[in-house]
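The values are calculated or read from the model by the stated rules, or taken from the named source; none is laboratory data. Note that the structure is a prediction, hence the values are computed from the model and not measured. Here the Cβ positions follow ideal geometry from the backbone for every residue, glycine too, while neighbour counts run over all protein chains shown.
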Amino acid sequence: MDNDLEIRIGLFGFKGVGKSSMIMRFLMNEFVEEIEMGMGNRFRRKFDLDDESIYIYILDTTSDDSEFIFNNSIEYCDRIILVYSITDRLSFNQIKIIYQKITDYSKEEKKYPKILIGNKSDLFTKRQITCKEGKELARELNCKYIETSAKTGENINQIFYESLLLEFEELKKNQNQNQNNQNQNNQNQNNQNQNNQNQNQNQNNQNQKKKGKCLLM
Ligand SMILES: Nc1nc2c(ncn2[C@@H]2O[C@H](COP(=O)(O)OP(=O)(O)OP(=O)(O)O)[C@@H](O)[C@H]2O)c(=O)[nH]1
Ligand SMILES: [Mg+2]
């Protein structure tokens, strides 16, 4: 249980872009037209991979959150996903502002958003933001760009798995770093032992010389 991996994912974006609906689709595989989910809701889903359990905690936010709640939400999350609606230009314009607020507040680069979502891809006849614009913004923010639909379920699972993957990569990187540090420590310890051995050997030689001198006398 202690080794179970936990990952806390937060969805951030302007109101009405479909954050709660995406979470509902991922957790329940359902789409509800008028979803009622209070702000700050947290959800948990467990995965079993081989003999390991992975817990995904998901935080639902709203753009009406106070600065205090917003900052608390950033504290809570390991990974942050940015969401706009492809049918809503205002929500697209808000992305940079939200990104700035997150990077201003968080000192941990790990928390900088790595995934940008254009949701409501099923409403292509009402599209206001082209795929190209989405990709360009993603490139600018150093994010991966994915279009989703909470209504049809398109790519919804993928965005949570992508976050999980990023977390695994980070974990592996840290493990390798720790291993390298450990190897370096071992090497230093070996060098130290070698030095000590050399010193002892020198001391023995000197003692031997002294002894030899005594014998001669
Ligand atoms: N067609 C379509 N409608 C969607 C989609 N996702 C959400 N909606 C609808 O968009 C409206 C807003 O969805 P919510 O999930 O409440 O949006 P939200 O981002 O949680 O909004 P706030 O909680 O106010 O910040 C609802 O009427 C949803 O049914 C989608 O992928 N396709
Ligand atoms: Mg909501």
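Some observations on this one:
- Members of the stretch 128-149 that are assigned to a helix (DSSP H, G or I) and surrounded by fewer than 19 Cβ atoms within 10 Å (Cβ to Cβ): Cys131, Lys132, Glu133, Lys135, Glu136, Arg139, Glu140
- Within the stretch 5-37, considering residues that are more than 10 Å from ligand 1 (Cβ to nearest atom) and either in a loop (DSSP other than H, G, I, E, B) or in contact with an Asp or Glu (Cβ under 6 Å, 6 or more places away or on another chain) (or both), the one farthest from Leu123 (Cα to Cα): Ile7
- Pairs meeting the criteria (first residue in the stretch 103-127 and outside any loop (DSSP other than H, G, I, E, B), second residue among the polar types (S, T, N, Q) and surrounded by 15 or more Cβ atoms within 10 Å (Cβ to Cβ), beta carbons under 6 Å, at least 6 apart or on different chains) are Tyr105/Asn71; Ile117/Thr148; Asn119/Ser85; Asn119/Thr148; Lys126/Thr87.
- Number of the exception - Tyr99 against (1) in a helix (DSSP H, G or I); (2) within 15 Å of ligand 1 (Cβ to nearest atom); (3) surrounded by 21 or more Cβ atoms within 10 Å (Cβ to Cβ): (2)
- Per the conditions (1) more than 16 Å from the chain's Cα centre (by Cα); (2) more than 16 Å from ligand 2 (Cβ to nearest atom); (3) not aromatic (Phe, Trp, Tyr), the sole criterion not satisfied by Lys151 is (2).
- Screening Thr148 against (1) under 30 Å from Ser20 (Cα atoms); (2) at pLDDT below 95 leaves a single unmet condition, (2).
- Of all residues in the stretch 3-23, exactly one satisfies the criterion of being of a type in the set (A, V, I, L, M) and over 20 Å from the mean Cα position of the chain (by Cα), namely Val17.
- Figure legend. Inter-residue proximity from the stretch 16-35: first residues of a type in the set (Phe, Trp, Tyr), second residues assigned to a helix (DSSP H, G or I) and more than 7 Å from ligand 1 (Cβ to nearest atom), beta-carbon distance below 9 Å, spacing 6+ or different chains. Indicated pairs: Phe26/Ile156; Phe26/Asn157; Phe26/Ile159; Phe26/Phe160; Phe31/Met24; Phe31/Arg25.
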